[in-house]
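**Q** I have a structure here, written as structure tokens, and I will follow up with some questions on it.
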Amino acid sequence: MTIPATLDIRPSSLSPDAAALLGRFVLIVLIAGALTAVDPGFASVSNLLNMLRQASLLFLVASGLTLVIIGGGLDLSVGANLTLSACLAAAAIKTTGNPWYGVAVAIGAGTLIGYANGLMINRLQLPPFLATFGMLWVAQGIAYWFMAGQTIYGMPMSFRYFGTGFFLGVPLPIWITLVVCLACSILLHRTTFGREAYFMGANQTAALLSGVPVERRRLLLYVLSGLTAGIASLVYLARLNAAEPGIGEPLLLPAIAAVLVGGTSLFGGNGNIGGTALGAILLTIIVNGLNLLNVAATWHPFVNGAVVLVAIIADLVISRRRSGSG
Amino acid sequence: MSVTIQLQRRSGMGQFLSAIPGAGLLLILMLVLFTIVNPRFVSQTNLMNVGLQTSLLLMLALPMTLIIMTEGLDLSAGALLGLSGVIVAEALLAGWGVLAACAATLAVSIAFGALNGVLIAYLSLPAFVVTLGTMGLMQGIALVLTNGDPVGGFTPAIETFYRSQLWFIPTPIAIAAALYAALWLLLYRTRLGNYVIAIGGNKDALRLAGIRANLVHLAVYVLGSTIIGLSAVLLIGRTNSAHPTVGIGMEFEAIAAVVLGGTSFEKGQGWLFGAVLGALAITVLRNGLNILSIDSSLQVVCIGILLILALLIDQARKQFVRRTA
Amino acid sequence: MRTTRSIRCVLAAVICGTLFNSAVRADGEVIAAFTKNQVDPHFEGVRAGVAQMAEKMRATVKYYTPTKPNNITEGMSQLEDVGVTKPNLMLFMPIDAKAQLPTIKRLIESGLPIINYNDRGGDAPYLSFVGQDDYKLGYDIAKTLFDHLGGKGNVVILEGVKGSTTGDERKRGFDAAAKDYPNIKVLASQPANFQRLLGMQTMENLIQQFSTIDGVIAAADASALGAIEALNAAGRKNVAVVSINGVPEAVEAVKAGSLLAIAEFDGFKIGCVATAVGLNAIRGQSAPKQITIPGAIITKANYAPWLVPYKDRTCPTPDAYIAK
Amino acid sequence: MMHGTENQDEQGDRSLHTPKGSASRAPGSEADAPLLRLVGIDKSFPGVHALKNVSLDVYAGEVHVILGQNGAGKSTLIKTLYGAYAADRGYIEIEGRRVAVARPADASALGIAVIFQEFSLIPYLDIAQNIFLGREAAFSRFGLVDSAAMHAAARTILDGLGLDYDTHAYAADLGVAQQQMVEIAKALSQNARVLVMDEPTAAISERESDRLFQTIARLTEKRVAIVYISHRMKEVQMLGDRITILRDGAVVTSVLRDQKSQAEMVGAMIGRPSGSQLARTPRSPGEPVLLARDVNTAKLSDISIEILAGEVVGLAGLVGSGRTEVVRALFGADPIASGEIALFGSRALATLDRRVRAGMALLPEDRKREGLALPLDVRDNATVASLWRSFTSGWFSPAKAERDTRGLIAQLGIAAHGTRQSVHTLSGGNQQKVVLAKWLAAGSRLFLLDEPTRGVDVGAKAEIYRLIDQLVDGGAGVVVISSELPELVQLCDRAYVMRDHRIVGHLAGDQLTERAILELAVHQ
């Protein structure tokens, strides 16, 4: 019997995933601690909840994106998808007066766009980057055309509860985030679909030759990305109380950044949803901290860019050291 | 199996036609349609407009072609354009000479190009992520330098330069043409050009041929940044002021132009002239729709559809070629 | 290859259809009306005003708006492109006056009559300027808020787009008013770009930064509405918010009491008057160099007229304002 | 076409019938010092001792053929010579001087050029640019490459090889044979003193081969030393001045041509007198599990195969003869143009994933690229094909997966320290076992094993053999592709032999010998 090329001498050590999550969590706690030292108001429950609520919006857009990226794809259309879904849902709510129609429309539209992405990539064999990039323009354009320069505003209170309401003292968007996060986590780790998604992302050819129905799984991943964009659009709509055709576009790059800062690699096959949640919180807490330290808003893009770079370089160094030792 | 196979020739009319990417076909189609509907479309003024608008997009799309040919991407191009404009403007306002201002921009562009290049070429990090990060850095610096305000009131020489003409050709068009010629020479007539294509095609083979592939890879990013940084002079000439956020989104337009032109994200398959076709297609589409007074919202949809259509045509063309080969 | 051919056919059909749909109907003069984006309902008001007056005066309108909100390069391209189509009249509002001025000058030199409306477009031989006094709007609305606060308290300012005349002039008005009230403390002044989402996010950040905020001055309704959402979410109900514009949504907020007051910056009226002045001018009447439409302060006491949808309002004529 | 066909045939014939040049080619006159010497080269990889004290003398103007089965160490030897690998022990001498070859650039500088089997062409550079990649300086004027001169030089080289390819054609547009010829042209253009060719004729047609042989003759006249690797006995006999036979990483013998007969050489490659057999217990197969009739694909012609339950069927043939393509077509990975495949008695299901669920399994030749997700762990890799089966509800239970994986690790003796070890840290043999584990878990009944023991050490090899026996005893049908003939002969009940993308023979029982396979497989 041969000896394996590597013998991990720390059998009880953390799995790489868990270590990455823990690292990010510790970083968040450190930043939070430092900010509390600067301003005790930071640690107040209301501020923490407020911050989590902000992070939750970012997370919701990034969640489906995380699934797609783990499966070896990319979805640039999430922002535009969110815009269009929100606009259509707002129109549905305004015309029917029934929030549930809005929910149905947003989720339907979001899912449909995701489905179209999946079809383009499967059937027409367009690279994901380009197919979803094209979809970005199309969805954004339809949203402009549909809204015709107007804003749809004044959602019924029953609907606004999604964005502004509290349940057990915690804002509803945070609950929704928890549910989505849990659902994605279960999907990734407790269903066969999730395991196949990781495998596809890590090696698509091997997945295909292992009997994974790659095209069907991929379609589902894009549909899920569309679905979470639809859900996010509802929370945005409820939170903002109005639909404008400009709301989603600025969210795309921050969402991608949240996924990357969360430790999911663009190459696919690794990462997890918890990382994305921590990534969203990390990006939010840093902005929050900058405000607290009275740093001008003009610094935000710089700091966000630096965080992305530091995160990927740190992951690289850690993974090199890991494989270097092995 | 026959011993000699009729090889595809890169020259010759037949090959030329079959090498026209989807963008080329769509471009011809648009030209014909727009001309029929509104003959003013081909008026000298309008062609000049199209030329000027295309030339600016090309300043980004041409270096982007080289970068995409190395299986890379530069999301930070637009942000660098904004930042460079700000630096030129601020330097001029601070009393620097035009050349000194350009030198300052050059230094910053090279530094950021080198940062992108080192992370991508030497550390093998994905270009998408790296340039997403540096995009934030550049945007941030531009905003901090200007406090978010547009910077104006610098020497009118810059605008005069933008509006000037060489013989009968507006300077920006001449510059874009010169850039095209220079990059064409670089890509198709120098060693470095071969190596650029080789990086995307088979970086290991390039290494086996004894070339410092990483250095070439780095050089592509530095070259791209340099061009983008200098083209900021044209942009602030056009707007007579420097806006820190002006370039945001232009990188995507440039990527769209390159992809429309038939350059692929894989294997170093690319075509410099394709970027010209792609940039023209986008500009002509926007210009034509403006001239026909088509609603802005439909313009956005049209760009998306144009992109997907061009990709589909290319796909079909490739399959056709493969079948006949 | 069949795929390719069918794709081309579909494309041709799509483009032909679109073109046919919008083929120029030669009916009276053609007006090219520019607005800055498709997002802010204020510009929908402008377009509605232009449309109503143009219809009344039997002219055709083409609208031009950048696909990306307030995008300066796109705005410049559209200006150049429209110059080629030689409309009979252009209604122009700059995205950035400094940037677009040279192009505008060349268009005017080429014989195109241009009315400048909404934002001041710099020093060019326009037929006329139709707009409002942004400085005064800013000053008046800030004063309204400060009076409401009893002359003292902490306020924050949500500015407009930096570099735009409307934004900068309003800001100047706010600052001038603040100077007149020594006990008013301006805690912060940050750009919200006339946008709702940015208004909300900026406000959320300001809320964390400052424990007591008594008043908010927003340079536009959209930012104010975003700020109100942020304040509500943070449970800060007793903050007085004022803004400028008067789009229906904001007027409803005034009615509901969540918005204290709005300085009327009425896109509808501006659109109507600009169109009328312009058409009259190219039909041979002389045009006044400048028409400044006064802006009312919209409060709970007088909001009703601004709740009427644009299409049901009646265009004012320029005479109503020239007499002044 | 540039040349008349008849004329070419004539030339081809001549080159075949009179392969040897004048007396000046009388090689290795022992008075000469060897041009290139490899002395005591030793190289190990984790788990594999690839080269054992290999010494080799190559004289100017001779063709030195290296013969050996797959896995004998030929490729490793070449890579060491070219500086792609560093030898653990031993050194290289050129003209009696000891030289350091640490990088490919060093080898080039010393005049050593290699034509690798894996192509190193750049897809979107044209033929001329590919030929002179890295050496454009010769055509540079004022920093610009004189394209015309470069194409003219490329033209000359191609003409020398009798190729009328357009030097402006992209490498991406070339067929495999054409790419191979360009690789050859590229190596020739370097004016190398030592030219190494790794199976240069594996992918090219006979006429192109003849051109190549003529070129080789011309080169040897110019005192260039050729190191030539091939399986084709005819070429070996015709070209080789000196023949070195490698087996299991060591030199078995080094002889001059005519000193050994073809049979003796085959015997030396195999390692025992040709025809000897290991004991094979006859099996009693059952029902057909797979039946392919007249299957044609883009790369295969008229493949008809029958596999019964409880038997091992070999698929023999040279590399490139279409073996891998057959199993891919049977598995559903490549589309079929015509023909019929029946699986377990009914028409084969259309898609690959359905065939997998029906019980088909593929162990691909390139396990790293096609068999495993290297960054993922043993558990993920071992369970991926059986998720549908172990977790029919769609819910995944890590605990059950853990149990299953532990069972598989124990059953197959996979040397991993746990189920969560990522597979890229495993040795080749253990990686291969993980791929097998994947299919065992899926309960497959028909195994297509493409080179199951390639890059696997001796211990793991034996275990894989044992496992194949177990599978067959359990009633599974097994197809084995192997380039190692003893392995095929030992494992298989019968074998199909392939040549030129079609099946040229079927051997069973006593007929199934290494010699019989070789005779069918090599070009006659």
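**Q** Scanning segment D:449-478 for residues that are part of a strand (DSSP E or B) and out of contact with any Phe, Trp or Tyr (no Cβ under 6 Å at 6 or more places or on another chain), which turns out surrounded by the fewest Cβ atoms within 10 Å (Cβ to Cβ)?
**A** D:450
**Q** Tell me the residue from D:201, D:220 that is open to solvent by less than 10 Å² (accessible area, probe 1.4 Å), out of contact with any strand residue (DSSP E or B) (no Cβ under 9 Å at 6 or more places or on another chain) and either assigned by TED's automatic domain parsing to the domain that holds residue D:75 or not β-branched (Val, Ile, Thr) (or both), please.
**A** Exactly one residue qualifies, and that residue is D:201.
**Q** Examine segment D:38-47 for a residue that is touching a residue at least 60 places away in the same chain (Cβ under 8 Å), farther than 22 Å from residue D:199 by Cβ and among the charged types (D, E, K, R), and state whether such a residue exists.
**A** Within segment D:38-47, not a single residue is touching a residue at least 60 places away in the same chain (Cβ under 8 Å), farther than 22 Å from residue D:199 by Cβ and among the charged types (D, E, K, R).
**Q** Let me ask you something else. Within segment D:242-253, track down each residue that is in a loop (DSSP other than H, G, I, E, B) and open to solvent by 10 Å² or more (accessible area, probe 1.4 Å).
**A** Let us first name the residues in segment D:242-253 that are in a loop (DSSP other than H, G, I, E, B), namely D:248-249.
Answer for segment D:242-253, where residues must be in a loop (DSSP other than H, G, I, E, B) and open to solvent by 10 Å² or more (accessible area, probe 1.4 Å): just D:248.
**Q** Restricting attention to segment C:73-81, does a residue exist that is modelled with pLDDT under 90, over 20 Å from residue C:163 (Cβ atoms) and open to solvent by less than 20 Å² (accessible area, probe 1.4 Å)?
**A** The answer is yes; a qualifying residue exists.
**Q** Return the only residue of B:103, B:61, B:79 being more than 12 Å from chain C (Cβ to nearest Cβ), surrounded by fewer than 20 Cβ atoms within 10 Å (Cβ to Cβ) and in a helix (DSSP H, G or I).
**A** B:103
**Q** Consider segment B:131-153. How many of its residues are facing another protein chain (nearest Cβ under 7 Å) and in a helix (DSSP H, G or I)?
**A** Going through segment B:131-153, the residues facing another protein chain (nearest Cβ under 7 Å) turn out to be B:132-137, B:139-141, B:143-144, B:147-150, B:152.
Next, only the ones that are in a helix (DSSP H, G or I) stay: B:132-137, B:139-141, B:143-144.
Qualifying residue count for the region: 11.
**Q** Assuming residue C:50 fulfils every condition listed in (1) assigned to a strand (DSSP E or B); (2) crowded, with 21+ Cβ neighbours inside 10 Å; (3) of a type outside the set (S, T, N, Q) apart from one, which condition is it?
**A** (1)
**Q** In addition: Only one of these conditions is not met by residue A:235: (1) closer than 30 Å to residue C:231 by Cα; (2) within 14 Å of chain B (Cβ to nearest Cβ); (3) aliphatic (A, V, I, L, M). Which number is it?
**A** That leaves (2) as the condition not met.
**Q** Continuing with this model, one more query. Of everything in segment A:128-151, what is open to solvent by less than 20 Å² (accessible area, probe 1.4 Å) and either in a helix (DSSP H, G or I) or more than 7 Å from every other protein chain (Cβ to nearest Cβ) (or both)? Give them in sequence order.
**A** A:130, A:131, A:132, A:133, A:134, A:139, A:140, A:141, A:143, A:144, A:147 - these are the residues of segment A:128-151 that are open to solvent by less than 20 Å² (accessible area, probe 1.4 Å) and either in a helix (DSSP H, G or I) or more than 7 Å from every other protein chain (Cβ to nearest Cβ) (or both).
**Q** Working only within segment A:185-223, note down all residues that are crowded, with 24+ Cβ neighbours inside 10 Å and either assigned to a strand (DSSP E or B) or aromatic (Phe, Trp, Tyr) (or both).
**A** Answer for segment A:185-223, where residues must be crowded, with 24+ Cβ neighbours inside 10 Å and either assigned to a strand (DSSP E or B) or aromatic (Phe, Trp, Tyr) (or both): A:198, A:199, A:222.
**Q** Has segment A:199-217 got any residue that is within 27 Å of residue C:194 (Cβ to Cβ) and either in contact with a Lys or Arg (Cβ under 8 Å, 6 or more places away or on another chain) or within 10 Å of another protein chain (Cβ to nearest Cβ) (or both)? Spell out the reasoning first.
**A** First pass over segment A:199-217, keeping only residues within 27 Å of residue C:194 (Cβ to Cβ): none.
Looking through segment A:199-217, none of the residues is within 27 Å of residue C:194 (Cβ to Cβ) and either in contact with a Lys or Arg (Cβ under 8 Å, 6 or more places away or on another chain) or within 10 Å of another protein chain (Cβ to nearest Cβ) (or both).
**Q** If you don't mind, another one. Residues that are open to solvent by 10 Å² or more (accessible area, probe 1.4 Å) and facing chain A (nearest Cβ under 7 Å): list the helices (runs of 4 or more DSSP H) wholly contained in segment D:324-433 that include at least 3 such residues.
**A** Numbers: elements: D:352-358, D:378-383, D:387-390, D:398-412.
Output list reads D:352-358.
**Q** I'm trying to understand the selection: among the residues of segment A:263-293, which are open to solvent by 10 Å² or more (accessible area, probe 1.4 Å), within 14 Å of chain B (Cβ to nearest Cβ) and in a loop (DSSP other than H, G, I, E, B)?
**A** Selection gives A:263, A:265, A:266, A:267, A:268, A:270.
**Q** Find the residue count for segment B:88-103, including only residues that are touching a Leu at 6+ places or on another chain (Cβ under 8 Å) and free of Cβ contacts under 8 Å to residues at least 60 places away in the same chain. If you could, list the steps in order and put the result at the bottom.
**A** First, the residues of segment B:88-103 that are touching a Leu at 6+ places or on another chain (Cβ under 8 Å): B:90, B:98, B:101-102.
When the remaining residues are screened for being free of Cβ contacts under 8 Å to residues at least 60 places away in the same chain, the result is B:101.
Qualifying residue count for the region: 1.
**Q** Continuing with the same structure: Quick one: residue A:319 ticks every box in (1) more than 8 Å from every other protein chain (Cβ to nearest Cβ); (2) touching a Pro at 6+ places or on another chain (Cβ under 9 Å); (3) closer than 30 Å to residue C:39 by Cβ; (4) among the polar types (S, T, N, Q) bar one, so which box is it?
**A** (3)
**Q** Condition check: on the phi < 0 side of the Ramachandran plot, within 13 Å of chain B (Cβ to nearest Cβ), in a loop (DSSP other than H, G, I, E, B) and open to solvent by 20 Å² or more (accessible area, probe 1.4 Å). Does residue C:62 satisfy that?
**A** So residue C:62 fails the test.
**Q** If you don't mind, another one. So in segment A:233-252, with the set limited to residues that are within 19 Å of residue C:39 (Cβ to Cβ) and hydrophobic (A, V, I, L, M, F, W, C), which one is surrounded by the most Cβ atoms within 10 Å (Cβ to Cβ)?
**A** Let us first name the residues in segment A:233-252 that are within 19 Å of residue C:39 (Cβ to Cβ), namely A:233, A:236-237, A:239-252.
Filter once more, so that each one left must be hydrophobic (A, V, I, L, M, F, W, C): A:237, A:240, A:242-243, A:247, A:251-252.
Details: A:237: 29, A:240: 27, A:242: 23, A:243: 31, A:247: 23, A:251: 24, A:252: 22.
Here the residue is A:243.
**Q** Taking strands (runs of 3 or more DSSP E) that do not extend beyond segment C:150-234, which have at least 2 residues that are touching a Pro at 6+ places or on another chain (Cβ under 6 Å) and without any contact (Cβ under 8 Å) to a residue 24 or more places away in the chain?
**A** Here the list is empty.
**Q** For segment C:291-306, which residues satisfy the criterion of being surrounded by 15 or more Cβ atoms within 10 Å (Cβ to Cβ) and in a helix (DSSP H, G or I)?
**A** C:306
**Q** Mind telling me which of the residues B:258, B:222 ends up being open to solvent by 10 Å² or more (accessible area, probe 1.4 Å) and either away from chain D (no Cβ under 14 Å) or at pLDDT below 90 (or both)?
**A** The match here is B:222.
**Q** Out of everything in segment D:303-316 that is open to solvent by less than 30 Å² (accessible area, probe 1.4 Å), touching an Asp or Glu at 6+ places or on another chain (Cβ under 9 Å) and outside any loop (DSSP other than H, G, I, E, B), what residue ends up being farthest from residue D:517 (Cα to Cα)?
**A** D:303
**Q** Look at residue B:197 and say whether it is assigned to a helix (DSSP H, G or I), within 14 Å of chain D (Cβ to nearest Cβ), surrounded by 19 or more Cβ atoms within 10 Å (Cβ to Cβ) and under 19 Å from the mean Cα position of the chain (by Cα).
**A** Criteria met by residue B:197.
**Q** Among the candidates D:120, D:147, D:108, single out the residue that is farther than 30 Å from residue D:77 by Cβ and among the polar types (S, T, N, Q).
**A** D:147
The values are calculated or read from the model by the stated rules, or taken from the named source; none is laboratory data. Note that this is a predicted model, so its numbers are computed, not measured. Cβ: placed from backbone, ideal geometry, glycine included. Neighbour counts: every protein chain shown. Please note that ligands, DNA and RNA were not included when accessible areas were found on the heavy atoms of the full protein model with its side chains. Shrake-Rupley method; radii C 1.70, N 1.55, O 1.52, S 1.80 Å.
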